[in-house]
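Q: Before I ask anything, let me first share the structure, which is written out below as structure tokens.
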Amino acid sequence: MECLSRFLRLLLLALGAAQLAVALKFDIQAHPGHESSKYERCIRNFVAKDQLVVVTAIVNGQRGDGQMLNMHIRDAVGNEYGKPKDVVGENRFAFNSHADSAFDVCFENVLTSKRDVMSPTRHIELDIDIGADAKDWSAIQAGEKLKPVEAELRRIEEVVAEIVSEMDYLRGREQKLRDTNESTNERVKWFAFGTMGMLVGLGAWQVVYLRAYFRSKHLI
């Protein structure tokens, strides 16, 4: 009961944090275009396989103002999810993840005008929704003719299912790591026994060899 109560408290805290989540806001300086990877600003998150991810980026400025903001969405195992160029205004990018992996949303602001540009920066508001949070619940509510409470309960149900799935994934990872640790300890133990046996055997052989050598020399 205590574990269940603790889990429910953590669940309520997680749901409350999801409700209070706000977009990440930051500025990115424009650069002349050399060594572009050095000036990338990346935001990293983790996603499970086959989950819906919606990236919403609101960028100030306008095209032709001497700056070009480029985005690059990729994961740590090499999958590419989008590489939009010259992004301004509100932009939404949705994709389904291909692997259990961390993914990066990277921004690069390139200075395209040779004339002086006052304060060459772009302001970005970034919001990343994953899984149940990425779904358009207003459209689901309207399409299935659900009451607001029913739609909220559906959303909470999916969030709980995702939490349970993540806990199962973490438990599986923990089991795999424990098995690997036990296997490694077993191999180290037998390696140590084998090394001790070889040393004892080598010592016995040296004693026998030296005794035979000195006996052949009539020293003993």
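The values are calculated or read from the model by the stated rules, or taken from the named source; none is laboratory data. All values derive from a computational prediction rather than experimental measurement. Note that each Cβ is placed from the backbone with ideal geometry, even for glycine, and that neighbours are counted across all protein chains shown.
Q: Read through the list (1) farther than 28 Å from residue 99 by Cα; (2) at pLDDT below 85; (3) polar (S, T, N, Q), then give the number of the only condition that residue 165 fails.
A: (1)
Q: A further question on this structure: Against the conditions (1) surrounded by 10 or more Cβ atoms within 10 Å (Cβ to Cβ); (2) more than 20 Å from residue 52 (Cα to Cα); (3) more than 29 Å from the chain's Cα centre (by Cα), where does residue 147 fall short? Just the number, please.
A: (1)
Q: Every residue in the range 79-115 that is charged (D, E, K, R) and in contact with a Phe, Trp or Tyr (Cβ under 8 Å, 6 or more places away or on another chain), please.
A: Result: 100, 108.
Q: So, in the range 121-142, of the ones that are β-branched (Val, Ile, Thr) and touching an Asp or Glu at 6+ places or on another chain (Cβ under 8 Å), which residue ends up modelled with the highest pLDDT?
A: Step by step, filter the range 121-142, then rank; the result is 124.
Q: Considering only the range 86-95, I want to know if a residue exists there that is touching a residue at least 12 places away in the same chain (Cβ under 8 Å), on the phi < 0 side of the Ramachandran plot and out of contact with any strand residue (DSSP E or B) (no Cβ under 8 Å at 6 or more places or on another chain).
A: Checking the range 86-95: not a single residue is touching a residue at least 12 places away in the same chain (Cβ under 8 Å), on the phi < 0 side of the Ramachandran plot and out of contact with any strand residue (DSSP E or B) (no Cβ under 8 Å at 6 or more places or on another chain).
Q: Ok, one more. Which count do you get for residues in the range 41-80 that are over 16 Å from residue 112 (Cα atoms) and touching a His at 6+ places or on another chain (Cβ under 9 Å)?
A: Going through the range 41-80 one residue at a time, the tally reaches 10.
Q: I would also like to ask the following. How many residues are assigned to a loop (DSSP other than H, G, I, E, B) and within 19 Å of the chain's Cα centre (by Cα) when one looks only at the range 60-82?
A: Matching residues across the range 60-82 total 4.
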